[in-house]
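Here the structure is laid out as structure tokens; the discussion comes afterwards.
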Amino acid sequence: MTSRGLDSNLTSAAAGAGWAERVVHGDRRALARVISFLENEDLQGVDTLKLLYPRTGRAHVIGLTGPPGAGKSSLADKLISELRHGGKTVGVIAVDPTSPFSGGAILGDRVRMQGWTGDSGVYIRSMGTRGSLGGLARAAHGAIQLLDAAGFDYVLVETVGVGQSEVDIVRVADTVVVVAVPGLGDDIQASKAGIMEIGDIFAVNKADLPGSKRVITEIEMMLDLGMHPYWRPPVVPTVAATGQGVADLVKAIQDHYAVLSTADRLRQHRLEREKEAVLLRLGERLRREILQAWSADRLSELWAALAAKEIDPYSLEDKLYHRWKGA
Amino acid sequence: MERPIRVLIAKPGLDGHDRGAKVLARAMRDAGMEVIYTGLRQTPEQIVEAALDEDVDVIGLSCLSGAHNHLFPRVTELLREKNATDILVIGGGIIPDEDIPGLKEAGISAVFTPGTPTSVAIDFVKENVKK
Ligand SMILES: Nc1nc2c(ncn2[C@@H]2O[C@H](COP(=O)(O)OP(=O)(O)OP(=O)(O)O)[C@@H](O)[C@H]2O)c(=O)[nH]1
Ligand SMILES: [Mg+2]
């Protein structure tokens, strides 16, 4: 490493200390900026987290996932109300997909959560998935830790459940609420790989619409088939538009947490999560380093060779790996 | 990867149309920006707080009700109070030409009236955002 790199690392660590101090003292601007650092892979982000990590583990992290338009944000808004009435503070991370074509995104979840300005007990942050493979933004994990360390009692994470993301949310949440709705081709919706396994609680939202009874029955039947060693996921009808059922949902969320908190389950669950995150980051770091051994031009030549079948993908992998290993 | 520019699009005031704001939001997304859309009828206080929590680089204000002379400068005033003048503020909507100098005076960096191609606003943002 060059001395310049080292210097900038030291500076980043020193800056991290400053940010950490501010975050702990409830400075929202600092909180907002550090989340940006995490999103932008600015070292000051992880340097802040390194210092704050000992303060994490107090927040109850709740994942909200489900199909587009199911009412996740509306439900989040009502959950905030309910939790605030109970005197608890709430941080929200609302993730929407980044366009793979432009790298841009429209983050529209705040529209349903407008009433919280002026309340220092609520912080809402919108995030694009950016380059991450799953539906969860790469920076979400760190942002959750930050909100936890900043002292929020609850952290709500909203992600759209399409493809990989509903599985992703298990990696960050203590309690996963799957939001289902009537009228979306329910059988397909429920049997979609993963969705039944990951839900700790099923909220059947838009219970004011016809067909919700059927969705509830279908989910109950699917759950009857599954194995639930210590927690049978409850199915809770909700109407996010009016708040109906939201108190029941909060009750279910708190019951789940109570069950998790016994028999060391929560600690183990979180440890698994952190371990997996370390391994994931390690893998990414190695890959980045391996690819850095090649110039952009040379790399695109290699991809072109792969496209032309001048080289097979396995030999290409060997080639990339050995160049790095030998270096 | 270069970090995307973050923009908060807000509609202060009581008018209920946000077509123009949505068109701009989509164009900005297609230009690689992250656009936080906050919906209708936001007060300047709500807009500024959301902008700070979201750590945006740009606030785009749209107003069709005629209250821009009051609402837009209130946003920049609040930003000054919060020491957040590094956030670029642009405005759009139905705004008479004679109002534009006053708005610029108040810290609105650019005003785009109906018919301006979205690309003009996007280029302006790209050139003027404080990175
Ligand atoms: N009838 C009815 N409509 C609802 C209910 N909850 C939400 N909606 C409506 O459903 C639409 C989508 O709500 P959102 O809260 O934005 O849904 P979402 O799941 O967050 O949507 P995305 O983030 O875009 O995936 C809005 O028009 C809501 O008003 C409900 O309980 N009943
Ligand atoms: Mg939403």
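The values are calculated or read from the model by the stated rules, or taken from the named source; none is laboratory data. What you see is a predicted model, and the numbers here were worked out from it, not measured in a lab. So basically every Cβ, Gly included, is an ideal-geometry build from the backbone, and we count neighbours across all protein chains shown. The area values use the complete protein model at the heavy-atom level, side chains included, leaving out ligands, DNA and RNA. Shrake-Rupley method; radii C 1.70, N 1.55, O 1.52, S 1.80 Å.
For region A:125-142, the tally of residues that are crowded, with 24+ Cβ neighbours inside 10 Å and facing chain B (nearest Cβ under 7 Å) stands at 3. Could you tell me which residue of region A:66-84 is most open to solvent (accessible area, probe 1.4 Å), considering only residues that are within 14 Å of ligand 1 (Cβ to nearest atom) and charged (D, E, K, R)? Only one residue fits best here, namely A:K78. The set of residues in region A:38-60 that are open to solvent by less than 30 Å² (accessible area, probe 1.4 Å), over 22 Å from A:G104 (Cα atoms) and outside any strand (DSSP E or B) comprises A:D47, A:T48, A:L49, A:L52, A:A59. Taking the conditions (1) surrounded by 14 or more Cβ atoms within 10 Å (Cβ to Cβ); (2) assigned to a helix (DSSP H, G or I); (3) at pLDDT 90 or above in turn, A:E218 satisfies each one other than (3).
Residues in region A:100-115 that are open to solvent by less than 40 Å² (accessible area, probe 1.4 Å) and closer than 25 Å to A:L75 by Cα were compared, and the one that is nearest to ligand 2 (Cβ to nearest atom) is A:D109. Determine whether region A:96-110 contains at least one residue that is closer than 15 Å to B:E49 by Cα and at the interface with chain B (Cβ under 8 Å from one of its Cβ atoms). The answer is yes; a qualifying residue exists. Could you tell me whether region B:35-58 includes any residue that is in contact with a helix residue (DSSP H, G or I) (Cβ under 7 Å, 6 or more places away or on another chain), more than 10 Å from chain A (Cβ to nearest Cβ) and under 22 Å from A:T129 (Cβ atoms)? Yes: region B:35-58 contains one or more residues that are in contact with a helix residue (DSSP H, G or I) (Cβ under 7 Å, 6 or more places away or on another chain), more than 10 Å from chain A (Cβ to nearest Cβ) and under 22 Å from A:T129 (Cβ atoms). With the structure loaded, tell me whether A:I35 is open to solvent by less than 10 Å² (accessible area, probe 1.4 Å) and not assigned by TED's automatic domain parsing to the domain that holds A:G161 or whether it fails that test. Judged against the criteria, A:I35 is a match. Across region B:82-89, a minimum of one residue is classified as in contact with a strand residue (DSSP E or B) (Cβ under 8 Å, 6 or more places away or on another chain) and more than 14 Å from chain A (Cβ to nearest Cβ).
Considering A:G63, A:G91, A:G87, the condition of being buried (at least 17 other Cβ atoms within 10 Å of the Cβ) and either within 14 Å of another protein chain (Cβ to nearest Cβ) or assigned to a loop (DSSP other than H, G, I, E, B) (or both) is satisfied by A:G91 alone. Here the condition is being among the charged types (D, E, K, R), facing chain A (nearest Cβ under 9 Å) and without any contact (Cβ under 8 Å) to a residue 60 or more places away in the chain; of B:D97, B:D18, B:D30, it holds for B:D30 alone. Scanning region A:194-211 for residues that are modelled with pLDDT under 90, of a type in the set (S, T, N, Q) and either assigned by TED's automatic domain parsing to the domain that holds A:L260 or within 16 Å of ligand 1 (Cβ to nearest atom) (or both) turns up nothing. Condition test on B:G91, is it in contact (Cβ under 8 Å) with a residue 24 or more places away in the chain and either open to solvent by less than 10 Å² (accessible area, probe 1.4 Å) or within 30 Å of A:G131 (Cβ to Cβ) (or both)? Spelling it out, B:G91 is indeed in contact (Cβ under 8 Å) with a residue 24 or more places away in the chain and either open to solvent by less than 10 Å² (accessible area, probe 1.4 Å) or within 30 Å of A:G131 (Cβ to Cβ) (or both).
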